[in-house]
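Each reported figure results from applying straightforward, stated rules to the coordinates on display, with no laboratory input. Treat the numbers as computed from the prediction; the structure is a model and nothing was measured. Cβ coordinates were reconstructed from backbone atoms using ideal geometry, including for glycine residues, and neighbour counts include every protein chain displayed.
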Amino acid sequence: MRIYDNGGKIYYSVDYKNMPVILESLLGISSSQSGKTIDTGATLDDKAFADWVDDMKLDSVAEKFMNTKWTPVYGERSIYNDVYKEYTVGLQKNNNPNKRMNIIVRAYNEGIAFHYMFVGNEYLHITREFTQYTMPEGTLAYFTPRAQAKYDLLPLKNWPDESERPLLLKIPVSSTGSGASNGKTFFTLLTEAGMVNYARTKFILDRNKPNTIIGTIYGAVDDIAPYSTPWRVIMAAEKAGDLLENNYLLLNLNEPCKIKDPEWIRPGKIMREVTLSTEGGLSLVDFAVKRNLQYIHFDAGWYGPEGSKLSDATTVTLDPARNKNPDALDLHKVIRYAKSKNIGVFLYVNQRALYQQLDTILPLYKSWGISGVKFGFVQVGSHYWTKWLHEAIRKCAENGLLVDIHDEYRPTGFSRTYPNLLTQEGIYGNEEFPDATNNVTLPFTRFTQGAGDYTVCYYRRKWDDDLQPDKSHGLVNVRFLKTTPAHQLAISVVFYSPLQYLYWYDKPSESQDEPELEFFDRVPTVWDDTKVVHGEVGEYITLARRSGDEWFVATMTNNDARKLKIPFDFLPEGRKYTAKIFFDKGNKKTRTQVGIKTITVTNKSVIDCDLQPSGGQVILIEPAK
């Protein structure tokens, strides 16, 4: 990354292996105290708000080098490298030598990160960042307007809306910046890290500069200097899978763990209780023990209508729309039974109740024996709600409670600092019944940001009173998943989530103990190593993850059938392993038709993988006896 001044403005550019990633682009930020709201598409001529973009010069650079490793409480690896050069770039106003700020830059092998640091003591009213990302001609973007929406591959022209972060970009290979390409491409990822006390950034196109993206913050940020903005992150790789492998960069850009003794934090698999009844809860505990799940979850409705501010989350008061028998649920009986079986219990709480009752319900839930809270319908984007949400996670940690955040929240690495935040949604997941093409786009986009609660399904249907009868299947009010059973098995490996929901639309009584459920029984939710074997955005992916001496390998394709070869070169040399392969259309005797076969493999082995449309395959590998 090169930073320089020119004509009273500060610019930067970024190359990757002698290829231009970011062409000359502007840096700058507004910290006006007027309180006036500006149009995010305003030009740079708006002097009242461009106080850290005009009349600037670079006057100092300080450098330091860091080479460390750290061990997470849990993760996609057991050890993370944290190696970078840091540059503190001092900036000064030409017309006021006493008015100064810094840009902190970190250069990693995995990418570049920088943020603005206000070094004075003034009150800040940040209304806009002027950070530009000018891309080479021909760049394409994987555009999505919201955290829970589909992706479209679009040129850098005429976007219908702002795009959610991260923003994955496909760039033609060119060493000149002219756009001349030999047909090859590489990938760049734009995102943010450490967004804890700020407003969320999305991306829009600059009105006045072609092929240029700018970051636009949700709204004003009010604080007092000294103060640093979140990290602006630029990652580049020849293969999109490398971006997924390097996603720990966002964790590195957050503060170390602040929980003094995090041993109580237990990742695991979880299933929700949908009947809101004592009988259903007890049955689910038994199913959790049988199928090696660590948690059960009581969803919305256990304390009343979740959307009402009148509902009291300190009481067990069933929402009649969910269960018409007000005495159906003895929650404390289920909690006691679950505890006797070493099964934890999560409770869903809408943000309305969290906001009104947080300091009351957290110690109360701990006294009940609750393991964690699932935050529902959180507000995201604004400085106020962002700060509130991360403070709520901290308070949960103080009360020994785990957290799962649902709806539009996307992670920026805060689970390093407070690892009681196990997972979060912010994903177009199974609740939306997406197709397989969506699912093989997510690893290279959403999952570069960290854990995602996709809500894995298995028996492939949801009862929905709003739907018309589906006569073709002889069932009424049913929605079907658009992917195969083996595809859902693969999701449990490809989609990282330390708290992994399984059997999302199912009840224990619907299981017929299909043989392939062994894979769900044995699959972990956290890992010692992760490798992307191969993959292409929106087409397919094979991911290998290790837990101890066992490897779990998962392959998914898009809506098309596909034949692949899977090399086992990630295995140690000189050892034999037993590989149990689970695949679609291999067993006509069960309704899921998942076949199982066992072979012996070494790190020299390469196997054929024949995928059904929207299908998948998983392999459980363990040392040969």
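Figures for the structure shown
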{"item": "In Hz, Karplus ³J(HN,Hα) per residue of region 441-448 (6.51, -1.76, 1.60; θ = phi - 60°; x = Gly, Pro)", "result": "8, 4, x, 8, 10, 4, 7, 6"}
{"item": "Nonlocal amide H pairs with Gly75, under 5 Å, H built at 1.01 Å", "result": "Trp527"}
{"item": "His125, His115, His332 arranged by Cβ crowding within 10 Å, fewest neighbours leading", "result": "His332, His125, His115"}
{"item": "Dipole axis of the chain (+1 Lys, Arg; -1 Asp, Glu on Cβ), positive-most option in Val221, Met56, Leu243", "result": "Leu243"}
{"item": "DSSP-loop trypsin sites (Lys or Arg not before Pro) across region 108-163, with at most 10 other Cβ within 10 angstrom", "result": "Lys157"}
{"item": "Sequence-separation-based contact order of the chain, relative, with Cα cut under 8 Å and 6+ spacing, percent", "result": "11"}
{"item": "Share, in percent, of DSSP beta bridges within region 267-527 that are antiparallel, nearest 5", "result": "15"}
{"item": "Neighbour net charge for Gly376 - beta-carbon separation under 10 angstrom, K R +1, D E -1", "result": "-3"}
{"item": "Distant-in-sequence amide H partners of Asn350 (H built 1.01 Å from N, under 5 Å)", "result": "Gly376"}
{"item": "Peptide ranges 336-349, 433-446 listed from the most packed, as the mean C-beta count within 10 angstrom indicates", "result": "433-446, 336-349"}
{"item": "Residue-by-residue Karplus 3J(HN,Hα) for region 6-11, coefficients 6.51, -1.76, 1.60, Hz, glycine and proline x", "result": "7, x, x, 10, 10, 10"}
{"item": "Region 272-298 and region 477-534: distance between their alpha carbon centers, rounded to Å", "result": "17"}
{"item": "Alpha carbon convex hull of the chain, volume per residue in cubic angstrom", "result": "171"}
{"item": "Rounded if a/c under 1.5, otherwise prolate or oblate - region 267-527, Cα gyration tensor axes", "result": "rounded"}
{"item": "Cβ crowding within 10 Å averaged over residues, with 192-202, 516-526, 413-423 ranked highest first", "result": "413-423, 192-202, 516-526"}
{"item": "Cubic angstrom per residue, convex hull over Cα atoms of region 488-625", "result": "118"}
{"item": "Shape category assigned to region 551-623 from the gyration tensor of Cα positions, a/c cut at 1.5", "result": "oblate"}
{"item": "Relative contact order (percent, whole number), region 276-416, Cα cutoff 8 Å, 6+ residue spacing", "result": "22"}
{"item": "Contact order normalised by residue count of region 551-623, Cα under 8 Å, 6+ apart, percent", "result": "52"}
{"item": "Helical mean residue ellipticity (222 nm; -39500 (n - 2.57) per DSSP H run of 4+; nearest 500) of the chain", "result": "-4000 deg cm²/dmol"}
{"item": "Cα centroid separation, region 149-228 to region 606-622 (Å)", "result": "35"}
{"item": "Positive dipole terminus of the chain, leading residue within Thr360, Asn323, Gly304 (C-beta point charges)", "result": "Asn323"}
{"item": "Restricting region 268-316 to GluC sites (Glu not before Pro) in coil, as DSSP defines it, with at most 16 other Cβ within 10 Å", "result": "none"}
{"item": "Cut-off under 5 Å, modelled amide H: who pairs with Thr131 long-range", "result": "Gly28, Gly215"}
{"item": "Shape call, region 63-163: gyration tensor on alpha carbons, a/c limit 1.5", "result": "oblate"}
{"item": "Whole-angstrom gap from region 388-452 to region 574-601, using each part's C-alpha centre", "result": "32"}
